[in-house]
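The values are calculated or read from the model by the stated rules, or taken from the named source; none is laboratory data. The structure displayed is predicted, hence computed values, not measured ones. Cβ placement follows ideal geometry from the backbone for every residue including glycine, while neighbour counts extend to all protein chains displayed.
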């Protein structure tokens, strides 16, 4: 509009915006939110009369979050009885809400950015996902699959006083294992005799030559940190 003595009034839908009245033809929305989506038009008035612009539709699209779900797993596996922690990581956590699901079923008691399974069992195995909303934005993590294994069991391939004992056990590549020894049934002290980070799905370790004394062995899985 052109002329003298012009005054301007902006409308959102059919409602006048009280903060958008005066001598400027520009409307600025400093930090648009979803509630700002609407039709807007401008009404211009002077002594000659009033004229209104054609409405303009403003659509505010929700921002997209890119949350990542991390887990204290190696290769997607955990051993029964271990503590498993799943944590959501993203750029902002201000006023964020979290909706956890396992195999598509909502976990009603999981409402924070971290889910801790204190002693994982076979029933905890499944696919976990988190939907996050924060400040009108939303996003969903990729699935994290949790597989639960029984504790590894030692077997021996050979044993002799000369060459020692060759022990085998199933492993998860990337996990660290400690083989320990005890020399009596009544004892309580276990002594480390070997440690390793597995490279294959089965591992073999040879311990010191075995005398006539009784030997007991066990394998211990070293916990994983996130």
Seminar exercise, completed: Note on residue 20: of the conditions (1) touching a residue at least 24 places away in the same chain (Cβ under 8 Å); (2) more than 23 Å from residue 136 (Cα to Cα); (3) in a strand (DSSP E or B), unmet is (1)
Problem set entry | Subset of the stretch 23-47 that is surrounded by fewer than 11 Cβ atoms within 10 Å (Cβ to Cβ) and over 50 Å from the mean Cα position of the chain (by Cα) - its residue that is farthest from residue 61 (Cα to Cα) | 47
For this session: From (1) touching a strand residue (DSSP E or B) at 6+ places or on another chain (Cβ under 8 Å); (2) part of a strand (DSSP E or B); (3) exposed (fewer than 12 other Cβ atoms within 10 Å of the Cβ); (4) at pLDDT below 90, pick out the condition that doesn't hold for residue 3.
Result: (2)
Exercise. Is it the case that some residue within the stretch 58-65 is in contact with a helix residue (DSSP H, G or I) (Cβ under 6 Å, 6 or more places away or on another chain) and over 30 Å from residue 147 (Cα atoms)?
Worked result: yes
Exercise. Can you find a residue in the stretch 138-151 that is over 30 Å from residue 68 (Cα atoms), assigned to a strand (DSSP E or B), at pLDDT 90 or above and under 37 Å from the mean Cα position of the chain (by Cα)?
Worked result: no
Exercise. Out of (1) farther than 30 Å from residue 149 by Cα; (2) touching a strand residue (DSSP E or B) at 6+ places or on another chain (Cβ under 8 Å); (3) surrounded by fewer than 17 Cβ atoms within 10 Å (Cβ to Cβ), the odd one out for residue 76 is which?
Worked result: (1)
For this session: Please tell me if residue 50 is more than 54 Å from the chain's Cα centre (by Cα), assigned to a strand (DSSP E or B) and free of Cβ contacts under 8 Å to residues at least 24 places away in the same chain.
Result: yes
Problem set entry | Subset of the stretch 107-127 [surrounded by 10 or more Cβ atoms within 10 Å (Cβ to Cβ) and more than 11 Å from residue 87 (Cα to Cα)] | 107, 110, 111, 117, 119, 120, 121, 122, 124, 125, 126, 127
